[in-house]
Amino acid sequence: IAMTEATVEQGKAIYDKFCIECHGAKGKGDGTVVNKGNYPPPPAYDGSQLKDLPEGKVFHSITYGRNIAMGSHASQLNHKERWLVVQYVKYLQNGGKMAGGPAAQDTAAAATQAK
């Protein structure tokens, strides 16, 4: 799925329903579940452990879970929804900017206008 403003917004809506409670609004591992002391914080998306994680590994983690604290989300999110969340995670990892900078945004905007 190409990273466009539309896919980032769709991914954010799904993220806000399923991920924000643990991972936090900005992906810093500071969600309300963590802040209440119920779970250890997940690593921050922009931290050394996850910053350069390939999209496929993010998708795999959403699908099958990771360690003990994060269970599989395959039963809650379909294939496309998981990829939309991956795009939003990449967006957060990029400091809230579209990956690839202005050129990628121009290409995405041109593709949208062509439809």
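Quick one: count up the residues across the stretch 42-72 that are of a type outside the set (A, V, I, L, M) and open to solvent by 90 Å² or more (accessible area, probe 1.4 Å).
So the count comes out to 9.
Which residue pairs have Cβ atoms under 8 Å apart, sit 6 or more places apart or on different chains, and have a first residue in the stretch 25-49 that is of a type in the set (K, R) and a second that is open to solvent by 60 Å² or more (accessible area, probe 1.4 Å)?
From the stretch 25-49, the pairs are K28/D46.
Please specify each residue of the stretch 73-96 satisfying the condition of being within 9 Å of the chain's Cα centre (by Cα) and open to solvent by less than 60 Å² (accessible area, probe 1.4 Å).
If the condition is that a residue be within 9 Å of the chain's Cα centre (by Cα) and open to solvent by less than 60 Å² (accessible area, probe 1.4 Å), then R82, L84, V85, V86, Q87, Y88, V89, K90, Y91, L92, Q93 are the ones that fit.
Return the total of residues in the stretch 1-20 being open to solvent by 30 Å² or more (accessible area, probe 1.4 Å), of a type outside the set (D, E, K, R) and in a helix (DSSP H, G or I).
Summing the residues that are open to solvent by 30 Å² or more (accessible area, probe 1.4 Å), of a type outside the set (D, E, K, R) and in a helix (DSSP H, G or I) in the stretch 1-20 gives 5.
Scan the stretch 23-39 for residues that are part of a loop (DSSP other than H, G, I, E, B), within 13 Å of M70 (Cβ to Cβ) and modelled with pLDDT under 90 and jot them down.
Y39, the sole residue that qualifies.
Name every residue in the stretch 56-93 that is in contact with a Phe, Trp or Tyr (Cβ under 8 Å, 6 or more places away or on another chain) and without any contact (Cβ under 8 Å) to a residue 40 or more places away in the chain, in order of residue number.
Selection gives F59, S72, A74, R82.
Would you say D30 is closer than 18 Å to K97 by Cβ, of a type in the set (D, E) and open to solvent by 60 Å² or more (accessible area, probe 1.4 Å)?
Judged against the criteria, D30 is not a match.
Which of the numbered conditions does P42 fail, given that it passes all the others? Conditions: (1) closer than 18 Å to I1 by Cβ; (2) in a loop (DSSP other than H, G, I, E, B).
(1)
The values are calculated or read from the model by the stated rules, or taken from the named source; none is laboratory data. If you're wondering where the values come from, they're calculated on a predicted model, not measured in any experiment. Positions of Cβ are backbone-derived with ideal geometry, glycine not excepted, and every protein chain shown enters the neighbour counts. Note: areas computed on protein heavy atoms with side chains; ligands, DNA, RNA excluded. Shrake-Rupley method; radii C 1.70, N 1.55, O 1.52, S 1.80 Å.
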